[in-house]
1. Among A269, L328, I172, whose Cα projects farthest towards the positive end of the dipole of the chain, with charges put on the beta-carbon of Lys, Arg (+1) and Asp, Glu (-1)?
2. For an R0 of 22 angstrom, estimate the FRET efficiency from the Cβ-Cβ distance between F84 and R62 and round to the nearest 0.05.
3. Which is farthest toward the positive dipole end of the chain among T305, S23, H239, measuring Cα position about the Cα centre, with Cβ charges +1 (Lys, Arg) and -1 (Asp, Glu)?
4. Expressed in nm to one decimal, what extension gain is obtained for the pair D266 and A329 from 0.36 nm per residue of sequence separation less their Cα-Cα distance?
5. Hey, rough spin-label estimate for E44 and I128, points 7 angstrom out along Cα→Cβ, what's it come to in nanometres?
6. Please identify the GluC sites (Glu not before Pro) of segment 264-340 that satisfy two criteria: DSSP loop assignment and at most 12 other Cβ atoms within 10 Å. Which are they?
7. Can you give me the orientation-averaged projected area of the convex hull built on the Cα atoms of segment 124-280, in nm²?
8. Quick one: if the Förster radius is 56 Å, what FRET efficiency do E141 and Y222 give, using the C-beta to C-beta distance and rounding to 0.05?
Amino acid sequence: MEQTENNIARKIIHIDMDAFYASVEQRDHPEYRGKAIAVGGSPEGRGVVATASYEARKYGIRSAMSSRRALQLYPQLIFVRPRFDAYKEVSRRIREIFARYTDLIEPLSLDEAYLDVTEDKLNIGSAIEIARQIKMAIREELQLTASAGISVNKFVAKIASDLNKPDGFTFIGPSAIEAFMEQLPVEKFHGVGKVTADKMKRMGLFTGGDLKKLSEQELKQYFGKVGTFYYQIVRGIDHRAVQPHRETKSLGAEDTFPHDLTVVEDMHAELEKIARTVYARLERYSLKGRTITLKIKYSDFKQITRNQSFPYPVGDLDTILHTAKQLLAATGPEDKQIRLLGITLSNFGEAGPVSDKPVNPQLSLFDFEG
């Protein structure tokens, strides 16, 4: 059981809005209600789905998917351009509701946050009751639904909020955490990507219970430093405090490939997938960055990064992908064996719609050995 410095069990709530952008659009536009809609870019170009309504998700449409692919899955899909000002205003009002109960609020994006209600302003004393009241206030005041996860630490609360979406409400108490983590599929662990999950399954590790059979040293041997994290989290141990002033310093995505890439065209294809994921996350968090960084890891595990800075914040898919390809080209990728590629944006500027400005900045290249 998580303990605070005063030996009191923490009470942590994770609130996650349900299909946030799409739900705001359906609330504000009655003609979209009950319809499959996707908030994001047009399928005519390189558009990406930022958020899909639950009606659209029935057809396999999801965030970070190309808009063109989404349209193929459901030709009647309605595309809606993002209205970031509207989403930011709704987010502000949601945080006002949170602030009625606690000042320990850690926003993760416009649509989700951790709350530490170990000591709450209204002396309610029950995290379960506080979560109920927050969900009710969001429904009554904003005509939207949120899912809540309640537990004694951030990791378990976040998983709990995702279990019964939409309009979910899940409490996982101290005595239930270890049993819950043991039955959880490995792909549900935050921080376990597809490649790692596939590796675990090849090793016969399908659930948290399977991971728990390995010692910390064995997990580190198989998965590196993150093995310690797996060792702790499968036992429900997460000492991270809610950080009220947490700022996003960077945002990105990367992928480790089943086989080393040796052909530039294959590298470009993988970069496009990664760039789409990064773009969708930028839209979700309403962010733009002035610096784009490409990460490359070779078959011998040598790692380098290259970055390019801009005089103004950017975040459109074309710029991200074009820049990543330029940075890759500058490394001389021909006949190299690449096992991992990643793209990150940092040095964030003011939030808002992604830039459509043409770009022709100077390259700024730096090497870092890892």
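1. Among A269, L328, I172, the one farthest towards the positive end of the dipole of the chain is A269.
2. Details: r = 20 Å, r/R0 = 0.93.
Given R0 = 22 Å and the Cβ-Cβ separation, E is 0.60.
3. Value: S23.
4. Details: separation 63, 0.36 × 63 = 22.68 nm, distance 1.32 nm.
Full-extension gain reported as 21.4 nm.
5. 5.4
6. Details: sites: E265, E270, E272, E283, E334; in loops: E334.
Qualifying residues, ordered by number: E334.
7. Working: hull surface 49.3 nm².
Approximately 12.3 nm², given one-decimal rounding.
8. Details: r = 48 Å, r/R0 = 0.87.
Using R0 = 56 Å, I get an efficiency of 0.70.
Read-outs throughout are calculated quantities, based only on the coordinates presented, and are distinct from any laboratory measurement. Please read all numbers here as calculations on a predicted model, not as lab measurements. FYI the Cβ positions are ideal-geometry reconstructions off the backbone, even for glycines, and counts take in every protein chain you see.
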